[in-house]
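Enquirer: I am attaching a structure below and will ask some questions about it afterwards.
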Amino acid sequence: MKLPLGKYQRHGLVPLAALALAAYYLFILLPLARQARSLDDPLRKAWQKLSASLDQTNATAIDFLRITNQLSETRQALLILDNAKQQVTSRLQLGAAVRAKMQAEFQLVDYENERSKQLDDLSNLAKQQQATLQPAVLDGFPVHTADVRQPALLWAALSLTDSLLRTALQCKIATIYSLEVPPVLTNAPPTNVTERLAEIPLELEFSGSAASVGRLLQCLPLRADELRASGLPEVTADKPPLFVDRLIVQKQSPDKPDEVHVWLRAVGFVLRE
């Protein structure tokens with residue numbers, strides 16, 4: 001029995017359609033699938049990295065709401081940290097006159113003149129307060145030598161030294177025996193620009209009543225406005241804060257139970273511009 005011509009034609013088109021579909025799959029769909037998988041690789045790697053950073057490597061889903069909350073908390077913490085940094089910078093900042101001298105080119109003559117003036121002023125203040133300054137105190141003032149590598153910091157050391165001694169005299173310390181400024185200024189300037197904070201230690205030996213010593217320790221970390229608010233003796237309008245690093249207190253003698261002998265190491269900080 002012969003099939004009609006139309007059916008022969010339809011049967012002949014089936015293999016052609018199959019070949020066309022196979023060719024479409026091989027040359028169109030497979031390359032597209034491979035390209036799609038290659039496009040997924042960065043996303044998959046980013047997902048794995050995010051999962052690892054969140055310690056959720058075995059999780060099938062990530063809590064993005066939790067991530068959003070953590071980011072919000074992190075931004076808030078950074079804002080608090082920035083505010084704290086500004087407050088610390090404001091608190092540690094030396095007076096405008098000292099900062100100007102530090103930024104200018106160091107002139108030894110100007111430094112020696114200011115140093116001599118402060119020595120005279122402190123000697124006069126000691127007489128007014130009926131206190132005794134031993135020669136070792138005046139000899140211990142920061143001095144420029146050939147091995148000083150950061151001469152600009154001498155201005156800061158001079159200001160901190162003057163503030164420490166003025167505060168001690170205003171607090172009625174009876175006798176100051178010695179002053180030492182350890183030679184940190186002989187260190188080379190830091191090469192890392194982030195190291196803006198320089199530490200300047202001051203070592204002082206003195207004696208006085210327990211009340212005077214307590215008042216001095218209370219005054220050291222305070223600025224001038226804080227001294228006024230606390231009703232403590234004022235020193236200078238731009239008094240820098242000093243922080244106690246080491247402290248040894250010893251009774252002066254059995255017959256003077258209120259008199260104490262003190263070895264103090266105080267630290268001042270300088271922000272480099």
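The values are calculated or read from the model by the stated rules, or taken from the named source; none is laboratory data. Nothing here was measured: the structure is a model prediction, and the numbers come from that model. FYI the Cβ positions are ideal-geometry reconstructions off the backbone, even for glycines, and counts take in every protein chain you see. Accessible surface areas use protein heavy atoms only, side chains included; no ligands, DNA or RNA. Shrake-Rupley method; radii C 1.70, N 1.55, O 1.52, S 1.80 Å.
Enquirer: Counting only residues that are open to solvent by 70 Å² or more (accessible area, probe 1.4 Å) and more than 28 Å from the chain's Cα centre (by Cα), how many does region 95-146 have?
Expert: Residues meeting the conditions: 14.
Enquirer: Return the residues of region 200-246 that are part of a helix (DSSP H, G or I) and either in contact with a His (Cβ under 7 Å, 6 or more places away or on another chain) or open to solvent by 30 Å² or more (accessible area, probe 1.4 Å) (or both); say none if nothing qualifies.
Expert: Passing the criteria: 210, 211, 214, 215, 217, 218, 225, 226, 228, 229, 230.
Enquirer: Another question, then. For region 142-178, how many residues meet the condition of being part of a helix (DSSP H, G or I) and either polar (S, T, N, Q) or under 22 Å from residue 260 (Cβ atoms) (or both)?
Expert: Qualifying residue count, region 142-178: 10.
Enquirer: Another question about this same structure. Is there any pair with a first residue in region 195-214 that is in contact (Cβ under 8 Å) with a residue 24 or more places away in the chain and of a type in the set (Ser, Thr, Tyr) and a second that is assigned to a strand (DSSP E or B) and surrounded by fewer than 19 Cβ atoms within 10 Å (Cβ to Cβ) whose Cβ atoms are under 6 Å apart and which are 6 or more apart or on different chains, and what are they?
Expert: Going by the 6 Å Cβ cut-off, the qualifying pairs are 207/175; 207/252; 207/261; 209/258.
Enquirer: Next up: Would you be able to tell me the number of residues in region 247-273 that are touching a Phe, Trp or Tyr at 6+ places or on another chain (Cβ under 7 Å) and either open to solvent by 70 Å² or more (accessible area, probe 1.4 Å) or closer than 23 Å to residue 154 by Cβ (or both)?
Expert: Residues in region 247-273 being touching a Phe, Trp or Tyr at 6+ places or on another chain (Cβ under 7 Å) and either open to solvent by 70 Å² or more (accessible area, probe 1.4 Å) or closer than 23 Å to residue 154 by Cβ (or both): 3 in total.
Enquirer: Of everything in region 159-176, what is open to solvent by 10 Å² or more (accessible area, probe 1.4 Å) and within 23 Å of the chain's Cα centre (by Cα)? Give them in sequence order.
Expert: Listed by number, the list holds a single entry, 159.
Enquirer: Being assigned to a loop (DSSP other than H, G, I, E, B) and not hydrophobic (A, V, I, L, M, F, W, C): is that true of residue 112 here?
Expert: no
Enquirer: While we're here: Which of the residues spanning region 224-262 are over 18 Å from residue 173 (Cα atoms), touching a Leu at 6+ places or on another chain (Cβ under 6 Å) and at pLDDT below 80?
Expert: Listed by number, the list is empty, since nothing qualifies.
Enquirer: Of all residues in region 62-94 being under 30 Å from residue 223 (Cβ atoms) and not in a helix (DSSP H, G or I), which is nearest to the chain's Cα centre (by Cα)?
Expert: 93
Enquirer: Here's another thing I want to ask about it. Looking only at region 36-53, count how many residues are loosely packed, with under 10 Cβ neighbours inside 10 Å and among the hydroxyl-bearing types (Ser, Thr, Tyr).
Expert: Within region 36-53, residues that are loosely packed, with under 10 Cβ neighbours inside 10 Å and among the hydroxyl-bearing types (Ser, Thr, Tyr) number 1.
Enquirer: Sticking with this structure for a sec: Can you tell me which residues in region 206-246 are within 26 Å of the chain's Cα centre (by Cα) and among the acidic types (Asp, Glu)?
Expert: Hits for region 206-246 are 225, 226, 238, 245.
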